[in-house]
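A short worksheet on the structure shown next.
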Amino acid sequence: MDVRTYIEENRDGFLSALKEWLAIPSISADPEHHDDVRGSARWLADHLTATGFPTVEVWETPGLPAVFAEWPAVDPDAPTVLVYGHHDVQPVDPVEAWDTDPFTPTERGTSLFARGASDDKGQVLFHALGVRAALAASGADAPPVTLKFLVEGEEESGSVHFADLMRANRDRLACDVVVISDTTMWAADTPSMCVGMRGVTDVEISLYGPDRDLHSGSFGGAVPNPLQAMSGLLAALHDDDDRVAVPGFYDGVVEADAEERELIARLPFDEKEWLATAASTATWGEKGYSTLERVWLRPTAEINGMWGGHTGAGGKTIVPRSAHAKISFRLVPGQEPLEIQARVRAFVEARVPAGLRAELEFGGGVRACASDLSSTALKAARAAMERAFGVPVLFTREGGSGPEADIADILQAPLVFVAVGLDEDRIHAPNEKVEVPLLLKGAESVAYLWEELGGGV
């Protein structure tokens with residue numbers, strides 16, 4: 001039996017299992033659902049055991065549990081592949097915006113609607129179907145590579161304990177390549193591989209002046225105004241080419257090569273359609289880059305909010321005592337969150353007028369990651385997807401952020417993204433869904449991938 005036939009014949013069993021898992025409301029951000037997250041981990045552990053993994057364990061953390069599984073290859077010298085995903089899901093608010101109950105999986109046409117259908121339970125589970133398909137096609141009792149799964153339970157609430165979990169279990173997680181299925185493709189008829197994700201850090205800036213609001217007739221124009229100073233500071237964030245003007249911000253940035261930029265240019269991108277999705281009438285950004293390159297390849301500084309002084313009805317003629325702003329910075333490979341924070345602090349402090357005091361409160365930081373386009377593992381994954389989809393596979397990146405950089409650094413292994421989600425899957429939003437035919441293509445892709453990698457990474 002070949003891989004595709006096995007997957008087609010086992011489609012219904014796969015969907016039945018997925019629906020059972022999706023019915024568990026494993027919302028990690030909500031303490032009332034923490035028992036459900038633990039139940040989700042137990043469900044996955046039982047399913048992987050039934051799949052055939054000889055080692056399956058639920059790994060506890062100070063927060064919520066992850067699931068580890070391992071299936072050694074027959075050949076002890078075969079490469080080792082770690083599959084990463086997560087079994088927790090986003091909250092469902094506003095629940096009234098859902099057309100169906102978010103934890104009652106519902107099929108409509110080729111779509112399966114439920115929270116977690118695309119992000120990330122559906123994309124985790126196709127790996128279990130894929131390994132069974134690979135074994136059915138080869139007639140072997142074990143996969144051609146040693147397979148390890150690590151499926152965390154806190155990704156949707158910041159992966160706060162995940163790095164420590166990996167460090168504590170570094171020896172057991174040792175691998176030659178990490179396969180991640182928690183991203184999207186360009187379109188159902190234009191399969192693609194994500195080859196990078198941006199990092200992020202953020203700051204809240206507060207400028208304080210007088211101890212109280214002052215009468216603008218008596219003091220205006222004679223003492224520094226925190227809101228005016230904040231406005232100037234924020235305006236200075238970008239230069240005339242719309243580049244971030246923080247000194248040293250671009251130091252170390254790893255530029256995308258010509259091959260990747262050419263592959264991005266080949267994507268069937270409709271800027272007018274994209275603008276409609278963005279509810280905007282114009283694009284904006286760093287000169288010399290296309291819209292997709294700005295979203296995927298370039299670092300940014302985005303003013304998320306600013307406030308201070310009087311914002312209620314009517315006038316109030318004051319010099320306000322304080323001004324505040326929130327800024328987030330999307331980062332690319334070569335930028336370290338802590339270094340960016342230090343440069344932002346220096347940028348702000350250099351622009352605070354005498355008589356005002358600045359306070360900066362930084363959030364955490366997530367580092368960017370990128371795949372090596374020349375790596376054997378990435379080439380194998382691309383070949384496997386092209387074999388499954390029957391068309392060339394292009395490259396994309398993602399503008400968002402996740403724990404992938406920590407995975408690559410702690411495990412010292414290259415990342416390969418094999419995923420079949422779509423932007424229109426509405427992840428994190430009401431009416432999340434996944435396309436069932438794409439999940440089956442995902443299973444087929446990884447079945448071929450284990451074969452491709454079995455020859456060596």
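The values are calculated or read from the model by the stated rules, or taken from the named source; none is laboratory data. This one's a predicted model, so the numbers in the text were calculated from it and none came from an experiment. Cβ atoms come from the backbone with ideal geometry, glycine included; neighbour counts cover every protein chain shown. To get the accessible areas, we keep the full protein, side chains included, count just its heavy atoms, and leave off ligands, DNA and RNA. Shrake-Rupley method; radii C 1.70, N 1.55, O 1.52, S 1.80 Å.
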**Asked** In terms of solvent-accessible area of protein heavy atoms at a 1.4 angstrom probe, what is the ranking of 218, 181, highest value first?
**Response** 218, 181
**Asked** Between residue 267 and residue 212, how many nm apart are label points set 7 Å from Cα along the C-beta direction?
**Response** 5.6
**Asked** For residue 281 and residue 223 in one chain, what is 0.36 nm times their gap in residues minus the Cα-Cα distance, to one decimal in nm?
**Response** 16.9 nm
**Item:** the chain, relative contact order [Cα under 8 Å, separation at least 6], %
**Value:** 26
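Distance cut-off 28 Å, Cα to Cα: go down the list 121/148; 287/433; 287/326; 148/441; 148/379; 19/441 and report the pairs above it.
287/433, as the Cα separations exceed 28 Å there.
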**Asked** Mean residue ellipticity at 222 nm from the helices of the chain, using -39,500 (n - 2.57) per DSSP H segment of n ≥ 4 over the full residue count, to the nearest 500 deg cm²/dmol?
**Response** -10000 deg cm²/dmol
**Asked** How far apart, in nm, are the 7 Å Cα→Cβ label points at residue 188 and residue 345?
**Response** 5.1
**Item:** Sulfur and carbon atoms: percent of accessible area, region 349-457 [1.4 Å]
**Value:** 47
**Request:** Calculate how steeply helix 11-22 sits against the longest principal axis of the alpha-carbon atoms of the chain, using the helix alpha-carbon long axis, and give the answer as 0 to 90 degrees to the nearest 10.
**Result:** 40
**Message:** Between 0 and 90 degrees, rounded to the nearest ten: what's the tilt of helix 34-51 against the longest Cα principal axis of the chain?
**Reply:** 30
**Message:** I'd like to know which of 390, 410, 422 lies farthest towards the positive end of the charge dipole of region 389-433, counting +1 on Cβ of Lys and Arg and -1 on Cβ of Asp and Glu.
**Reply:** 390
**Prompt:** Efficiency by 1/(1 + (r/R0)^6): what FRET value for residue 361 and residue 251, r their Cβ-Cβ distance, R0 = 35 Å, to the nearest 0.05?
**Reply:** 0.90
**With DNA, RNA and ligands ignored, accessible area of residue 317 (1.4 Å probe; Å², nearest 10)** = 100
**Item:** Average Cα contact separation per residue, region 389-457, under 8 Å, 6 or more apart, as relative contact order %
**Value:** 23
**Message:** As a test question: what accessible area, to the nearest 10 Å², does residue 208 have when a 1.4 Å probe is rolled over all protein chains in place?
**Reply:** 50
**Message:** Can you compute the modelled spin-label distance between residue 8 and residue 306, with each label point 7 Å from Cα toward Cβ, in nm?
**Reply:** 6.0
**Mean projection area, nm², convex hull over Cα of region 27-135** = 8.5
**Message:** How big is the dipole moment of the chain about its Cα centre under a simple scheme where the beta carbon of each Lys and Arg is +1, that of each Asp and Glu is -1, and everything else is neutral? Debye, nearest 20, please.
**Reply:** 1000
**Prompt:** How much accessible area per residue does region 293-413 have, in Å², with a 1.4 Å probe?
**Reply:** 44
**Item:** Positive dipole terminus of the chain, leading residue within 400, 85, 306 (C-beta point charges)
**Value:** 306
**Fill in**
Rounded to whole Å², per residue accessible area for region 173-230 with a 1.4 Å probe reads 36
**Fill in**
In the neighbourhood of residue 112 defined by beta carbon distances under 9 Å, the net charge of the other residues (Lys, Arg +1; Asp, Glu -1) is +1
**Prompt:** Just one of (1) 19, 33, 33, 12, 2; (2) 22, 50, 26, 2; (3) 23, 51, 22, 4, 0 is P(r) over Cα pairs in 20 Å bins from 0, in percent calculated from these coordinates, so which is it?
**Reply:** (3)
**Protection proxy ranking of 16-26, 250-260 - average other beta-carbon atoms within 10 Å, highest first** = 16-26, 250-260
**Fill in**
With all protein chains in place and a 1.4 Å probe, residue 302 shows an accessible area in Å² (nearest 10) of 90
**Item:** Karplus (6.51, -1.76, 1.60) ³J(HN,Hα), θ = phi - 60°, over region 156-168, in Hz, Gly and Pro reported as x
**Value:** 7, 10, x, 6, 5, 10, 6, 4, 5, 4, 5, 4, 5
**Inter-part distance where region 311-337 and region 100-125 are each reduced to a Cα centre, Å** = 38
**Prompt:** Hey, if we sort 272, 326, 121 by accessible area with the 1.4 Å probe, largest down, what's the order?
**Reply:** 272, 326, 121
**Request:** With r as the distance between the Cβ atoms of residue 375 and residue 164 and R0 = 30 Å, compute the FRET efficiency 1/(1 + (r/R0)^6) and round to 0.05.
**Result:** 0.60
**Item:** Isotropically averaged projected area of region 324-457, using the convex hull of Cα atoms (one quarter of hull area), nm²
**Value:** 11.5
**Complete:** If amide H atoms are modeled at 1.01 Å from N in the peptide plane, then the residues at a separation of 5 or more from residue 83, or on another chain, having amide H under 5 Å from its own are 148, 149, 150, 179
**Cα-based radius of gyration of region 1-63 once divided by 2.2 N^0.38 Å, which approximates compact folds** = 1.38
**Asked** What order do 428, 86 take when sorted by accessible area (1.4 Å probe), most exposed first?
**Response** 428, 86
**12 Å tail of the calculated P(r), region 219-259, as % of Cα pairs** = 72
**Complete:** Ranking 27, 274, 37 by how far each Cα lies towards the positive end of the charge dipole of the chain (+1 on Lys and Arg Cβ, -1 on Asp and Glu Cβ), the top one is 274
**Fill in**
Over region 205-327, the quotient of the Cα radius of gyration and 2.2 N^0.38 Å is 1.47
